[in-house]
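Here's the structure, in structure tokens; my notes come after.
The values are calculated or read from the model by the stated rules, or taken from the named source; none is laboratory data. If you're wondering where the values come from, they're calculated on a predicted model, not measured in any experiment. Every residue, glycine as well, gets a Cβ built from its backbone with ideal geometry; the counts of neighbours run over all protein chains shown. Only protein heavy atoms, including side chains, enter the accessible area calculation; ligands, DNA and RNA are left aside. Shrake-Rupley method; radii C 1.70, N 1.55, O 1.52, S 1.80 Å.
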Amino acid sequence: MPTTVKAADAAQFLSLVPRLLGYTPARSLVVVPMAGHRSVGAMRVDLPPGDDLDTVERLASSIVGMVCRIGGAEAFVAVAYTDESAAVGLPHARLIDALGRRAEAGGLAFVDALVVACDGWGSHLDSDHPQGGRPLSALATTPPLDLPAAVGDQSTGATLPPHRAAERRVVGAAVQSLRTSLEVLCGIPSDSARVARVDPAALEAACELDDLPRLFERALRWDAAALPPMRAALLAWCLARPALRDIALVQWATDVVGGEDALEAQRRWEDGADYPADLASVMWGEGPRPDPDRLETAVELARHIAALAPKRLRAGALATCAWLSWALGRSTHAERYAQLAMEIEPDHGLSDIVQSFVTAGHLPDWAFRRPAGGAV
């Protein structure tokens, strides 16, 4: 059932936005689409670094285009969060003007154009706006519902979890044991010149690869913050291999049946068959909206794998973090993980794709469908 939170005025509305997002935006434009008198989510984009006319026109056109893609959206509110001053007038007037013109052309009502500056706030559409803006203290209004407090800004949470060097060394040793067991069981070459003693735990882990969908499904129930070294090694090994990583991503974005279909599609593709369009479309952000809790669990697991994996395997786990973050609508996080992966492997395929998505402002198609709740 949708959550309805009534904002009495602009100040209370602004006090709600960070809590609904979960963070306080920095140097950002937040757009809140409206259907009737209810919001249908929120979108954040970086503010342009300057006031160049071509830049703001392109950004305004892109934003209005995104709002038009949201089913039922008839209007929107724009909120600029800037570290500029409001002392001599509200910043970003040129962008707000471009948004107004594009909204009118697109048949959308431009409800309000708010700015939260470093020293005051106000509305570009308020004819009684005081010089220097209204005091920021007014935005400390307590929301009418017990919403979680905002934490950090849009970049918060994009760093990998902390793990000690000793933990990473143990996982690295587990990866080598896994490689040795795979050489014995499957003939998959390892890095070692000769086959050493085979660790029974590594043999057991290698056998789990016989049923990848069940492995990836069980992994969602593991405690990501307390992974046994062999489990971390097994997932790091899988995520470093594009074919296995993509099966995991499709499954985590759908369900275990989706994973089974992706595994069979991969086998057929390797034999020369076409890859099914419905499975490929998941990777491009098309199809049914994934369960966000499922994606949250998967990205937290992948973040710990990336933090523990040996460097030679880390790019795959980082790319997994990047795609899952993008699928959740966290383009800032996605870009950070993709950059980290490409620092290790400059030509890393999935990381490059996610990076191009973010640069082009491409969001998953499911981001434009109305969520079950979150009305303001």
Using the Karplus curve 6.51 cos²θ - 1.76 cosθ + 1.60 with θ = phi - 60°, work out ³J(HN,Hα) for each residue of region 216-225 in order, rounded to whole Hz, and write x for Gly and Pro. 5, 6, 4, 4, 5, 9, 6, 7, 4, 7
Residue-normalised accessible area of the chain, given per residue in Å² at a 1.4 Å probe: 47 Å²
Just to be sure I understand the model, the point goes 7 Å from the Cα along the line to the Cβ. What's the resulting Glu296 to His362 distance in nm? 2.8 nm
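Quick check on the chain: of the DSSP beta bridges with both residues there, what percent are antiparallel, nearest 5%? Don't skip to the answer; put the middle values down first.
Values: 17 of 25 bridges.
So the antiparallel bridges in the chain amount to around 70 percent.
How much net charge surrounds Ala225 when only the other residues with a Cβ under 12 Å from the Cβ of Ala225 are counted, with Lys and Arg +1 and Asp and Glu -1?
Details: positive: Arg303; negative: Glu167, Asp223, Glu300.
Summing Lys/Arg as +1 and Asp/Glu as -1 gives -2.
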Just to confirm my numbers, what's the Cα centroid distance between region 48-73 and region 5-46 in Å? 17 Å
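Looking at the calculated P(r) for region 318-372, what percent of the C-alpha pair distances fall above 18 Å?
Working: 386 of 1485 pairs.
Value for region 318-372 (Cα pairs over 18 Å): 26 percent.
Given R₀ = 51 Å, what would the calculated FRET efficiency be for Ala26 paired with Ala277, taking r from the Cβ atoms and rounding to 0.05? Don't jump to the answer; show the numbers that get you there.
Values: r = 39 Å, r/R0 = 0.77.
Computed FRET efficiency for Ala26 and Ala277 comes out at 0.85.
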Quick one: which residues, 5+ away or cross-chain, put their amide H under 5 Å from the amide H of Ala35? H built at 1.01 Å from N. Val40, Glu74
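Around Ser28, with a cut-off of 9 angstrom between Cβ atoms, what is the net charge of the other residues, counting Lys and Arg +1 and Asp and Glu -1? Write out the running numbers ahead of the final one.
Details: positive: Arg27, Arg44; negative: Asp46, Asp153.
Neighbour charge sum, excluding Ser28 itself: 0.
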Spin-label point model (7 Å from Cα, Cβ direction): what's the Val88 to Arg312 distance in nm? 5.9 nm
Given N residues in the chain, what is Rg(Cα) / (2.2 N^0.38 Å)? 1.13
Using the Karplus curve 6.51 cos²θ - 1.76 cosθ + 1.60 with θ = phi - 60°, what ³J(HN,Hα) values do you get for each residue of region 88-104, in whole Hz, with x for Gly and Pro? 10, x, 5, x, 6, 5, 5, 5, 4, 4, 5, 4, x, 5, 5, 5, 4
Residue (of Gln12, Gly122, Ala42) at the positive-pole extreme of region 10-154, dipole from beta-carbon charges: Ala42
Ordering Cys238, Cys68 by how much accessible area each has at a 1.4 Å probe, largest first, what is the list? Cys68, Cys238
For region 165-368, the accessible surface attributable to carbon and sulfur atoms (probe 1.4 angstrom, ligands and nucleic acids excluded) amounts in percent to 51 percent
Can you give the calculated 222 nm mean residue ellipticity of the chain, where each DSSP H run of n ≥ 4 adds -39,500 (n - 2.57) and the sum is split over every residue, rounded to the nearest 500 deg cm²/dmol? -15500 deg cm²/dmol
Mind checking which of Tyr23, Tyr337, Tyr275 has the largest fluctuation in a GNM of the chain, springs on alpha carbons under 10 Å? Tyr275
Most mobile listed residue (Ser62, Ser137, Ser123) in the chain, GNM with C-alpha springs under 10 Å: Ser137
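Semi-axes of region 10-154's equivalent ellipsoid from the Cα gyration tensor, sqrt of 5 times each eigenvalue, largest first, rounded to whole Å? Don't jump to the answer; show the numbers that get you there.
Details: eigenvalues 93, 75, 40 Å².
Calculated on Cα positions only, the semi-axes equal 22, 19, 14 Å.
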Would you please calculate the Kirkwood hydrodynamic radius of region 155-303 over all C-alpha pairs and express it in Å, rounded to one decimal? 16.6 Å
Once you put a point 7 Å from the Cα of Arg164 and another 7 Å from the Cα of Asp211, both along the Cβ direction, what distance in nm separates them? 3.6 nm
Rounded to whole Å, give me the distance from the Cα center of region 87-130 to that of region 338-368. 32 Å
Hey, got the dipole for region 10-154? About the Cα centre, +1 on K and R Cβ, -1 on D and E Cβ, debye to the nearest 20? 400 debye
Karplus (6.51, -1.76, 1.60) ³J(HN,Hα), θ = phi - 60°, over region 298-309, in Hz, Gly and Pro reported as x: 5, 5, 5, 4, 5, 5, 5, 4, 4, 6, 9, 5
For Phe110 the rounded accessible area (nearest 10 Å², probe 1.4 Å, non-protein molecules ignored) is 40 Å²
